[in-house]
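Single-structure report; data block below.
Coordinate-derived values only; no laboratory data. Worth saying up front: this structure is predicted, and the values here are computed from it rather than measured. Positions of Cβ are generated from backbone atoms using ideal geometry, with glycine treated the same way; all protein chains shown enter the neighbour counts.
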Protein chains: 2
Amino acid sequence: MPDILHRVGINAKPDRVFAALTTIEGLRGWWVSTASGNATKGGAIDFGFCKMKVVAAEPGALVHWQCTDGPSEWVGTDIIFRLEWKLDQTFVLFKHANWKEPVEFMHHCSTKWATFLLSLMELVERGSGRPAPHDFKIHVGD
Amino acid sequence: MPDILHRVGINAKPDRVFAALTTIEGLRGWWVSTASGNATKGGAIDFGFCKMKVVAAEPGALVHWQCTDGPSEWVGTDIIFRLEWKLDQTFVLFKHANWKEPVEFMHHCSTKWATFLLSLMELVERGSGRPAPHDFKIHVGD
């Protein structure tokens, strides 16, 4: 099944990136400014347009969500962030896995995820990101 | 085989996006500022770190390159831009297809392509993009 893949390298230690992925304050700072819930292992996060279950959260190493509600193409898909410290930065290897089909919406989400990972980088490196609704716009009316 | 997928919507008619994809001046404006060669159908383009053969170029609709030289993971892969006018904008459906394996470099290239498609959007909509070496940086040392 097709996957969305991305990678960014962040100028910070893995624990700071991990915090931005496993706290509601962090998630509000780079992805969705109205996020709520519990972003630690076993928790459920409500991002408004979708809901995620936190399947795994290994400090400094891995965060794995599964989509439990939201766009039909997303339900049941997995969102995985692997963190690796090398070359004096934390690399985030991102995968939004297990799409059923490479539909046009998947193309859109791939580009959108890239902009949110850049937002994560900006949040961790500089203190403020570009979470929705103040996110990078990638088409007219986005 | 795994593919990189993206989509952006550009506030301009398809012929202007097509021109940015099929002229050396256009390619220098959003992807690689030192690009040279012939970007029309049947031509060969030298981007410095890689070379592309222009397999197809259908005005306002499609541009298809095949990589003939460059990073080993890229040689033989296909880069396809489909243009579609809808919702008062030109959507670019992008695919970098036929990677052998979803290696870490593919994750990097996926994020990087997103930033270059945003650069293409900026070039066409505002007159200047962010081609290499002035491209968006996505890791320390990029």
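Summary of values
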item	result
Test: residue in the range A:13-35 that is on the phi > 0 side of the Ramachandran plot and either more than 14 Å from every other protein chain (Cβ to nearest Cβ) or hydrophobic (A, V, I, L, M, F, W, C) (or both)	no
Of residues in the range A:27-59 being assigned to a loop (DSSP other than H, G, I, E, B) and β-branched (Val, Ile, Thr), the one nearest to residue A:15 (Cα to Cα)	A:40
In the range B:100-142, the residues that are over 17 Å from residue A:114 (Cβ atoms) and touching a residue at least 24 places away in the same chain (Cβ under 8 Å)	B:100, B:101, B:103, B:123, B:124, B:125, B:128, B:131, B:133, B:134
Strands (runs of 3 or more DSSP E) completely within the range B:60-142 that count 1 or more residues being of a type outside the set (A, V, I, L, M), within 10 Å of chain A (Cβ to nearest Cβ) and touching a helix residue (DSSP H, G or I) at 6+ places or on another chain (Cβ under 6 Å)	B:89-97
Residues that are among the basic types (Lys, Arg) and either assigned to a loop (DSSP other than H, G, I, E, B) or farther than 15 Å from residue B:79 by Cβ (or both), drawn from the range B:1-26	B:13, B:16
First in the range A:1-25 and closer than 23 Å to residue B:137 by Cα, second anywhere and surrounded by fewer than 18 Cβ atoms within 10 Å (Cβ to Cβ) and β-branched (Val, Ile, Thr), Cβ under 9 Å, 6 or more apart	A:9/B:140; A:10/B:140; A:11/B:140
Residue tally, condition surrounded by 20 or more Cβ atoms within 10 Å (Cβ to Cβ) and of a type outside the set (Val, Ile, Thr), over the range A:29-46	5
Qualifying residue in the range B:81-93 (condition: free of Cβ contacts under 8 Å to residues at least 40 places away in the same chain and within 13 Å of residue B:117 (Cβ to Cβ))	yes
